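The values are calculated or read from the model by the stated rules, or taken from the named source; none is laboratory data. In this text, all values refer to a predicted model and were calculated from it rather than measured experimentally. Note that each Cβ is placed from the backbone with ideal geometry, even for glycine, and that neighbours are counted across all protein chains shown.
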Amino acid sequence: MAHRWKNDLTHADVTPKEAFLNRRQILAGTAGLGAIAAAGLAEAQEDLQPNSLEDITSYNNFYEFGTGKSDPAANAHKLEIEPWSVKVDGLVDNPGDYSSADLLDGLTVEERIYRFRCVEAWAMVVPWNGIELADILNKVGIQSEAKYVAFETVVQPENMIGVQRRVLDFPYVEGLRIDEAMHPLTIMATGIYGEPIAKQNGAPMRLVVPWKYGFKSIKSIVRISLTDYEPPTSWNKANAREYGFYSNVNPNVDHPRWSQSSHRVIGGGLFASREPTLMFNGYEAEVASLYDGMDLSEFY
Ligand SMILES: Nc1nc2c(c(=O)[nH]1)N[C@H]1C(S)=C(S)[C@@H](COP(=O)(O)O)O[C@H]1N2
Ligand SMILES: [Mo]
């Protein structure tokens, strides 16, 4: 179900600004890129800022592999992703343990260039490849009592230094309300720049919810559960005063320890700059109606 929303970003907005040639090599060297390449990348290259794969894969949050921004790139090679199984359970018609191939089989992978805003007030623009989460949920069959979706990240203690050090209460868990999960902007990402998603970015599949702070976009998912209650979420469990369940990007509501009105643009190098943060991270027109009647002045 392509193009049910309007994307105001182009490849020219992709950060950072330094590896245009790498990008050409990636495109030239990737067999089976198919629809992604055909979707205008060749033409758009004229407008492209230099490529961002390097920054996207080297500045990460993935606490299972350590708390430093460069720890995931250094340690996530240990993540074992084959075979990969996703348990689907709860209020679904077709529960079970799905291989990643079976879960995604027959569904359409699209490129989605999204702003990505961490609650720590930094941001990137990432050209994801992914499948609308709604397509996956429709495939497994949502029962009418389902009101939320819960997600869980894999735990491989022997491979995960952050798990060994118990830097958070693992497994990392996240959740969405069902209407958020079914929104066409919400994707299960399986790639970046037409390449399989790097382990430090959450291989083999991770959520991307572009109007919410980055911690909602849970990585390396092994369980999807449909529930009739609001599921617990990792950062809310760790510090409920600072991190809510909704966590929609909102420049008007400061985090208790830092302002959310602007953010640092990753990848600018010497030209690193700040830019104003937009309501719902720039997706207000698409998602504001989901929150009609909610008090957005609180840090949800
Ligand atoms: N399992 C898991 N998922 C996670 C995290 C994590 O530590 N563990 N960090 C979150 C945070 S805080 C952010 S900002 C994004 C970072 O995604 P990126 O490294 O692909 O930019 O992943 C989110 N998903
Ligand atoms: Mo984050």
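Here are a few things to note about the model shown:
- Options ASN236, ASN250: the member that is surrounded by 14 or more Cβ atoms within 10 Å (Cβ to Cβ) and in contact with a Gly (Cβ under 7 Å, 6 or more places away or on another chain): ASN236
- Residue in the range 200-214 that is away from ligand 2 (no atom under 16 Å from the Cβ) and of a type in the set (Val, Ile, Thr) present: no
- Taking the range 190-203 as the range and being surrounded by 24 or more Cβ atoms within 10 Å (Cβ to Cβ) and closer than 23 Å to TYR148 by Cα as the test, only GLY202 passes.
- With respect to the conditions (1) β-branched (Val, Ile, Thr); (2) surrounded by fewer than 19 Cβ atoms within 10 Å (Cβ to Cβ); (3) modelled with pLDDT of 95 or more, VAL265 falls short on a single one, namely (3).
- Within the range 205-215, being within 13 Å of ligand 1 (Cβ to nearest atom) and either touching a Phe, Trp or Tyr at 6+ places or on another chain (Cβ under 7 Å) or within 18 Å of ASN281 (Cα to Cα) (or both) holds for LEU207, VAL208, VAL209, PRO210, LYS212, TYR213, GLY214, PHE215.
- Filter result for PRO210 (closer than 30 Å to ILE136 by Cβ and outside any helix (DSSP H, G or I)): yes
- Scanning the range 195-203 turns up one or more residues that are touching a helix residue (DSSP H, G or I) at 6+ places or on another chain (Cβ under 6 Å), touching a residue at least 40 places away in the same chain (Cβ under 8 Å), farther than 28 Å from ILE142 by Cβ and not in a loop (DSSP other than H, G, I, E, B).
- Top-ranked residue of the range 73-111 - restricted to ones that are under 30 Å from SER58 (Cα atoms) and among the small types (Gly, Ala, Ser), ranked as surrounded by the fewest Cβ atoms within 10 Å (Cβ to Cβ): ALA101
- Helices (runs of 4 or more DSSP H) (entirely within the range 71-180) containing at least 1 residues that are more than 14 Å from ligand 1 (Cβ to nearest atom) and free of Cβ contacts under 8 Å to residues at least 40 places away in the same chain: 100-104, 133-140, 161-164
- Members of the range 232-246 found to be in contact with an Asp or Glu (Cβ under 8 Å, 6 or more places away or on another chain) and within 20 Å of ALA146 (Cα to Cα), listed by number: THR233, PHE245
- Pairing residues of the range 235-254 that are basic (Lys, Arg) with residues that are part of a loop (DSSP other than H, G, I, E, B), at Cβ distances under 9 Å and at least 6 apart in sequence or on separate chains, gives LYS237/LEU168; LYS237/ASP169; LYS237/TYR243; ARG241/PRO256; ARG241/PHE299.
- Residue check, VAL208 over 14 Å from GLU174 (Cα atoms) and touching a residue at least 40 places away in the same chain (Cβ under 8 Å): no
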